[in-house]
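Here the structure is laid out as structure tokens; the discussion comes afterwards.
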Amino acid sequence: MQDLRLDRLDHLILTVRDVDTTCAFYQRVLRMEVETFGRGRSALRFGRQKINVERAQHPAPGSSHLCFITGAPLADWIQHLHACGVPLVEGPVKRNGAEGPIDSIYLRDPDGHSIEISTY
């Protein structure tokens, strides 16, 4: 029998109140690329990852948490977030990531989802 371990996450779906508002935020603040696929569906692309963005039938503000790893200094991200008018919720703080200790900052997207930007 083959090794049945999972290798990586291909994509996830983020449900939101307004797809256009969310895509604009992630593009402007987190510098992701917005793409359209299928019948007017939207996705956010960064590196080799993809987040599909869908309108929630029953929005649950703040129901998701996403942690993104960056190679840039967190001080640069803090300065960028400030310039974008996005307040920090917390950080920098030390946390534990999938590969070990990380330094993290936290913010919220337009739907209240928790966004963590971290460095190893």
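Observations on the structure shown:
- Residues being in contact with a strand residue (DSSP E or B) (Cβ under 6 Å, 6 or more places away or on another chain) and under 18 Å from Asp111 (Cβ atoms) - total across segment 35-60: 8
- Matching residues in segment 97-118 - criterion: being within 23 Å of Leu14 (Cα to Cα) and not hydrophobic (A, V, I, L, M, F, W, C): Gly97, Ser104, Tyr106, Arg108, Asp109, Pro110, Asp111, Gly112, His113, Ser114, Glu116, Ser118
- Top-ranked residue of segment 40-50 - restricted to ones that are surrounded by 14 or more Cβ atoms within 10 Å (Cβ to Cβ) and of a type in the set (Gly, Ala, Ser), ranked as farthest from Ile102 (Cα to Cα): Ser42
- Residue list for segment 51-74, filter: surrounded by 14 or more Cβ atoms within 10 Å (Cβ to Cβ), more than 10 Å from the chain's Cα centre (by Cα) and closer than 19 Å to Leu9 by Cβ: Asn52, Val53, Glu54, Thr70
- Qualifying residue in segment 79-98 (condition: surrounded by 12 or more Cβ atoms within 10 Å (Cβ to Cβ), of a type in the set (Lys, Arg), at negative phi and without any contact (Cβ under 8 Å) to a residue 24 or more places away in the chain): yes
- Residues that are on the phi < 0 side of the Ramachandran plot and of a type in the set (D, E, K, R), drawn from segment 9-47: Asp10, Arg17, Asp18, Asp20, Arg28, Glu33, Glu35, Arg39, Arg41, Arg45
All of the numbers you see were taken from the coordinates with simple rules; none came from a lab. As the structure is a computational prediction, the values presented were derived from the model and not from experiment. Positions of Cβ are backbone-derived with ideal geometry, glycine not excepted, and every protein chain shown enters the neighbour counts.
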